[in-house]
Amino acid sequence: NDELIKMSQNPKDWVMPTGDYANSRYSKLNQINAQNVGKLQVAWTFSTGVLRGHEGGPLIIGNIMYVHTPFPNKVYALDLSNENKIVWKYEPKQDPNVIPVMCCDTVNRGLAYGDGKILLHQADTTLVALDAKTGQVAWTAKNGDPTKGETGTSAPMVVKDKVLVGISGGEFGVQAHMTAYDLKTGKLAWRGYSEGPDDQILVDDKTTALGKPIGKDSSLKTWQGDQWKIGGGATWGWVSYDPELNLIYYGSGNPSTWNPKQRPGDNKWSMTIWARNPDTGVAKWVYQMTPHDEWDYDGVNEMILSDQSINGQARKLLTHFDRNGLGYTLDRATGELLVAEKYDPKVNWTSGVDMDKNSPTYGRPKVLDAASTEKGGEDHNTKGICPAALGTKDEQPAAYSPDTQLFYVPTNHVCMDYEPFKVSYTAGQPYVGATLSMYPPQGETNMGNFIAWDGKTGKIVWSNKEQFSVWSGALATGGGVVFYGTLEGYLKAVDAKTGKELYKFKTPSGIIGNVTTYENGGKQYVAVLSGVGGWAGIGLAAGLTDPTAGLGAVGGYAALSNYTALGGTLTVFSLPN
Ligand SMILES: O=C(O)c1cc(C(=O)O)c2c(n1)C(=O)C(=O)c1cc(C(=O)O)[nH]c1-2
C-alpha cells in the first residue's frame, strides 16, 4: 500500500502496530536519547475503562491517536492537538460467550489503518472498518465462528488493497487460516489454511521448502486420516510485508491437540513460516520449524525483515525468535535457512537444527529423548523441559535497530513439566490434552531476560535479567535507546549498545503492551499501555488461583500479585520543557 509505505517513513506518526512493514519497531526519532532519557517525565495518561490484559499499542496519525482495548474492544480517537480530547469512541456489541473460548486472556493486539479507515479485529472475529474521521462503520466481515472456538486477538495488516487477518483457536481444534479482505468493501479475496488439501492451503508446483518443491498433498500426507480438519495451526501473530519481493510473512501455531500421541506425523504446515503472495495468497515458500510439536511451541511470533551483509554479501533477511527457543535467520526471498541458534542457553528440548544441506534431516531440530513428551508411557509427566509452552518468547514483539544491527528481544526464562492426556474433540470445547506446571530454570529465580541478539551470527550480545518474563514489545530508536515494559509495571529505557538501564518508571499496572513513539508539536513522546494479563498474567486477569489453571501459568506467575493489579491505562512520556 503506497500510502502506508509513505506514511510509515514519517517518524512523527506510528501507522501500523508493527511500526513498519518490516516489523522492525524502530523509530528514527532522536530527541529522547541515551544522554537525556533519564529525565523522562509523564506527560499525560488516559484510562481505557477496561480491566484485563492490554496488548499492542496506539496508532498515531497526524494529530489523532487511536487507542484500542481488550474485550469489549473499545476504540478511542484522541485529539493530540486539543488536550487529548475524545473525538469519537466505538464500542461493538459482542456476545460475552466468546470470553471462555479465548485461550490466553481477552487480549487484542491492535488496530490497522488504510484508505481512511481504522480496522479492528474483534474478539468474536468480526473485522470492522471504521471511518478514521468519524468512527462510523464502513463495513464488517465475519472471519470465523466462536461457537467452534474461533476467536480474534491479532492485529489486522493492510497490504496493497487488502486487509490481512489471522485467527485464534489452536486450543479448540480449528482449521486455521490467513484471510485477505478487500480494503474498500470487506469482500473476502483469498483464504489460505495452515493445513489441508493443496487448494485450501494455497500452494502450487512452485512452492518450496528449503529450496525444494514441496510436491503434491504436502500437508495431507503428514496427518492421520482427516485429523487436519481439526489440526489448529492458528495464525494469531504478526504479519510483515516486503513490497519489492511482493511477499507477506507470518507464522502458524501449534497443531491440535497438545497431546502429540493423538496426532502422528509432522502435522504440516503447523509451526511454519509462510511466505505468500498478497494478491493471490499462493505460498512461495514454507519452512516448518517444529515438526510434530510436543510442547505447544506456536510458530506465530513476528518475522522481522532486515537488510544486512553476511560474509560480505548483502542479503534480504528474515529474523524470527521462535517459541521453541531458536532464533532463526533466513533469506526471505528464497526461504534458505542461514542461522538457527538458541537465544536462551537453557533451551534443552533440542541439541539444535541439522544445518547439513545434504542430510535427509536438513532443517529439522534434533529432539532430545529426555524432553520428548510422548516417549514415556500413557500419562507420563515429562519434567524440566525448557522453554515452557509459552516459549523463550511469546507474542511480545522484538525490535531491530539498523544503527546497531542488533535485535532487542523480550524473553521468557521459564521451564515446565508437561503431562499429555487423552482428549476427544467436541466443537467449541477445549481440545488441549496436557497438564502443565511452569517455573524458572533450576537454580535461578529470574523468569525473564531482555537481550540484544546478532541475527547474522546467532549470538547474544548482552542480556539483562528480569524477575518476570518480559511480556511487552520493544521499541528501538535513533536516540540509541531501547524501551520495553515489565510485568510488574515498569517502563524501562536501556542503552542500545550496552544494555545499561537508563530510566525506569512504575506505571499503574503490569505492562504487556508494546512501546510506541511519535512526535507532536515538535516534541517526541513515548507511549505504552499498561494493564496486566495475557497468558503470563492470566491468574490476575481472570482471578484464577489453582496453580495448574491457565495452562500452568497461574502457579508459575503467582508472585505477580505482590507487585501489581488490574487496570488499563495509557501512559505517555516526554522530556521536561
Ligand atoms: O493457538 C492459538 O489459537 C493461540 C491463540 C492465542 C491468542 O490468540 O491470544 C495465544 C496462543 N495460542 C498461545 O499459544 C499463547 O502462548 C498465547 C499467549 C497469548 C497472550 O496474549 O499472552 N495469547 C496466546
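The values are calculated or read from the model by the stated rules, or taken from the named source; none is laboratory data. All values derive from a computational prediction rather than experimental measurement. Methodologically, a virtual Cβ is constructed for each residue, glycine included, from the backbone with ideal geometry; neighbour enumeration extends over all protein chains shown. All accessible areas refer to the heavy atoms of the entire protein, side chains included, with ligands and DNA or RNA removed. Shrake-Rupley method; radii C 1.70, N 1.55, O 1.52, S 1.80 Å.
A compact table of results
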read-out: Failed item, numbered, when Val137 is tested on (1) more than 16 Å from the ligand (Cβ to nearest atom); (2) under 20 Å from the mean Cα position of the chain (by Cα); value: (2)
read-out: Single condition Val423 does not satisfy, out of (1) in contact with a Gly (Cβ under 7 Å, 6 or more places away or on another chain); (2) open to solvent by 10 Å² or more (accessible area, probe 1.4 Å); (3) closer than 19 Å to Glu466 by Cα; value: (3)
read-out: Residue under evaluation Arg315, criteria (1) surrounded by fewer than 24 Cβ atoms within 10 Å (Cβ to Cβ); (2) outside any strand (DSSP E or B); (3) touching a residue at least 12 places away in the same chain (Cβ under 8 Å); (4) on the phi < 0 side of the Ramachandran plot, criterion not met; value: (2)
read-out: Arg263, sole failed condition from (1) within 16 Å of the ligand (Cβ to nearest atom); (2) within 25 Å of Ile5 (Cβ to Cβ); (3) charged (D, E, K, R); value: (2)
read-out: Selection status of Ile32, touching a residue at least 40 places away in the same chain (Cβ under 8 Å), over 18 Å from Leu406 (Cα atoms) and surrounded by fewer than 15 Cβ atoms within 10 Å (Cβ to Cβ); value: no
read-out: Given (1) within 16 Å of the ligand (Cβ to nearest atom); (2) touching a strand residue (DSSP E or B) at 6+ places or on another chain (Cβ under 8 Å); (3) of a type in the set (Ser, Thr, Tyr), index of the condition Thr564 fails; value: (2)
read-out: Among (1) outside any loop (DSSP other than H, G, I, E, B); (2) farther than 28 Å from Tyr408 by Cβ; (3) free of Cβ contacts under 8 Å to residues at least 40 places away in the same chain, the one test that Lys284 misses; value: (3)
read-out: Selected residue (criterion: nearest to Asp293 (Cα to Cα)) from residues of the range 149-173 that are part of a strand (DSSP E or B) and away from the ligand (no atom under 11 Å from the Cβ); value: Val165
read-out: Of all residues making up the range 122-134, the number that are assigned to a loop (DSSP other than H, G, I, E, B) and more than 16 Å from the ligand (Cβ to nearest atom); value: 3
read-out: Checking Arg25 against (1) under 30 Å from Arg332 (Cβ atoms); (2) open to solvent by 30 Å² or more (accessible area, probe 1.4 Å), the condition it does not meet; value: (2)
read-out: Members of the range 448-463 that are open to solvent by less than 10 Å² (accessible area, probe 1.4 Å) and either of a type in the set (D, E, K, R) or within 16 Å of the ligand (Cβ to nearest atom) (or both); value: Gly448
read-out: Elements of type strands (runs of 3 or more DSSP E) contained in the range 425-521, each with 3 or more residues being under 27 Å from Ala549 (Cα atoms) and in contact with a helix residue (DSSP H, G or I) (Cβ under 8 Å, 6 or more places away or on another chain); value: 434-439
read-out: All strands (runs of 3 or more DSSP E) inside the range 174-281 with 2 or more residues being within 22 Å of Pro360 (Cβ to Cβ) and within 18 Å of the chain's Cα centre (by Cα); value: 272-276
read-out: Contacts under 6 angstrom Cβ, first residue in the range 547-566 being farther than 15 Å from Arg52 by Cβ and open to solvent by 60 Å² or more (accessible area, probe 1.4 Å), partner in a helix (DSSP H, G or I) and small (Gly, Ala, Ser), 6 or more apart; value: Pro547/Gly555
read-out: Of all residues in the range 464-484 being over 19 Å from the mean Cα position of the chain (by Cα) and within 13 Å of Asn412 (Cβ to Cβ), the one that is least open to solvent (accessible area, probe 1.4 Å); value: Glu466
read-out: One residue from Ala389, Ala399 being open to solvent by less than 10 Å² (accessible area, probe 1.4 Å), of a type in the set (A, V, I, L, M) and more than 16 Å from the ligand (Cβ to nearest atom); value: Ala399
read-out: Qualifying residue in the range 270-277 (condition: surrounded by fewer than 20 Cβ atoms within 10 Å (Cβ to Cβ) and modelled with pLDDT of 95 or more); value: yes
read-out: Every residue from the range 507-532 that is buried (at least 24 other Cβ atoms within 10 Å of the Cβ) and closer than 12 Å to Gly489 by Cα; value: Thr507, Ser509, Gly510, Ile511, Ile512, Gly513, Val528, Leu529, Ser530, Gly531, Val532
read-out: Residue match in the range 439-453 (condition: of a type in the set (S, T, N, Q) and in contact with a Pro (Cβ under 8 Å, 6 or more places away or on another chain)); value: yes
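For (1) touching a strand residue (DSSP E or B) at 6+ places or on another chain (Cβ under 6 Å); (2) of a type outside the set (Phe, Trp, Tyr); (3) within 16 Å of the ligand (Cβ to nearest atom), each residue gets a yes or a no:
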residue	(1), (2), (3)
Gln200	yes, yes, no
Trp223	no, no, no
Ile230	no, yes, yes
Val239	yes, yes, yes
Leu245	no, yes, no
